[in-house]
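Engineer: Below is a structure I'd like to ask you about.
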Amino acid sequence: MCIKSPADLEKLKIIGSIVRKALDVTAAAVRPGITTAELDRIGDRVLVENGAEASPPKVYNFPGALCISVNDEAIHGIPGERVIRAGDLVKLDLVAEKDGYFADAAVTVCVGEVSATAAALARCAESAFRQAAKVARAGNRINEIGRAVEKETRRCGFQVMRAFCGHGVGSAIHEAPQVLNYHDPGFQAKLTEGLVITIEPIIAAGKGKGVLQRDRWTIRTADGSLAAHYEHTLVITKGEPVLVTAD
């Protein structure tokens, strides 16, 4: 969507703050011994208490409020009876709606003491987002976001999972444009003031290829390497973007 009024921005900030709260509460609950289903219930309860609704179950019939992916699961992991263990790398991805406005965010949580690779990968996903946000300005080409994500990811020694990307959001769970995590010189579209998008580096410690699992939702890395995911919903301006899902 494109922000057309102060009311649009206020409504988007409201759902953005709810998504942030749900993610923060859920992330704080991640510990050895808890199941991904329990984490899902925690996040969903925060949404309900604040008058919001998880979007994937309603729009896509996804079997959970959050996508919860562990270790080599990159995205779209289904909450269930899997028990979280020390050393795990847990991705929490949440998109929710209130009053017709949608916001989307994700975070990677390190459970206790993790491997050096896991810790570096989680840091890299966030730093790739931060570098991309610096070029997310009205008038810049959308593909500059992808250039920044991939440059930072490679600098850290990791690979972008090119099959997955950010997207427009705001009035629906997924909208145009696609926001690639790599530079596509053929994609010349520009960012416009008021445009609402997600930037979401999805990166891997291995070759960056993904494989869809038998559940038809979960994407694992093809080589079994660790994956990380970091995401915010933001509004494009002439200056710094407005991160509606940030603290």
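Read-outs: derived from the displayed coordinates by stated rules, not from any lab. All values reported here derive from a predicted model rather than from experimental measurement. In this analysis, Cβ positions are derived from the backbone assuming ideal geometry, glycine residues included, and neighbour counts consider all displayed protein chains.
Engineer: In deg cm²/dmol and to the nearest 500, what is the mean residue ellipticity at 222 nm of the chain if only DSSP H runs of at least 4 residues count, each as -39500 (n - 2.57), divided by the residue total?
Structural biologist: Working: 5 runs with 76 residues, N = 247.
My calculation for the chain gives -10000 deg cm²/dmol from helical runs alone.
Engineer: So what's the gap between the Cα centers of the stretch 196-230 and the stretch 71-139, to the nearest angstrom?
Structural biologist: 11 Å
Engineer: Step through the residues of the stretch 215-228 one at a time and calculate ³J(HN,Hα) from phi using the Karplus curve (6.51 cos²θ - 1.76 cosθ + 1.60, θ = phi - 60°), rounding each to whole Hz and writing x for Gly and Pro.
Structural biologist: Those phi angles translate into 6, 6, 10, 5, 10, 9, 5, 5, 9, x, 6, 5, 10, 9 Hz.
Engineer: Return the distance in nm (one decimal) between the two label points of a simple spin-label model at Asn61 and Asp215, each offset 7 Å from Cα along Cα→Cβ.
Structural biologist: Using points 7 Å along Cα→Cβ, the separation is 1.7 nm.
Engineer: Which ³J(HN,Hα) values in Hz, rounded to whole numbers, follow from the phi angles of the stretch 143-150 under the Karplus curve 6.51 cos²θ - 1.76 cosθ + 1.60, where θ = phi - 60° and Gly and Pro get x?
Structural biologist: Calculated HN-Hα couplings, in order: 5, 5, 4, x, 4, 5, 4, 5 Hz.
Engineer: Once you sort the root eigenvalues of the Cα gyration tensor of the chain as a ≥ b ≥ c, which label holds: rounded (a/c under 1.5), prolate (a/b larger than b/c) or oblate (the other case)?
Structural biologist: Details: a/c = 1.77, a/b = 1.15, b/c = 1.54.
Oblate is the answer for the chain, as a/c is 1.5 or above yet b/c matches or exceeds a/b.
Engineer: Less than 16 Å from a label point 7 Å out along the Cα-to-Cβ axis of Glu113: which backbone N atoms in the stretch 4-38 qualify, by residue?
Structural biologist: Once the point is set 7 Å along Cα→Cβ of Glu113, 32 turn out to lie under 16 Å by backbone N, inside the stretch 4-38.
Engineer: Let me ask another. At a Förster distance of 30 Å, what's the computed FRET efficiency of Phe187 paired with Arg41, Cβ-Cβ distance as r, to 0.05? Please list the in-between numbers first.
Structural biologist: Values: r = 40 Å, r/R0 = 1.32.
E(calc), rounded to 0.05, equals 0.15.
Engineer: Given 0.36 nm per residue, what is the gain on full extension from Thr237 to Glu10 after removing their alpha carbon distance, in nm? Intermediate values should be presented prior to the final figure.
Structural biologist: Details: separation 227, 0.36 × 227 = 81.72 nm, distance 1.52 nm.
Working it through step by step, the gained length comes to 80.2 nm.
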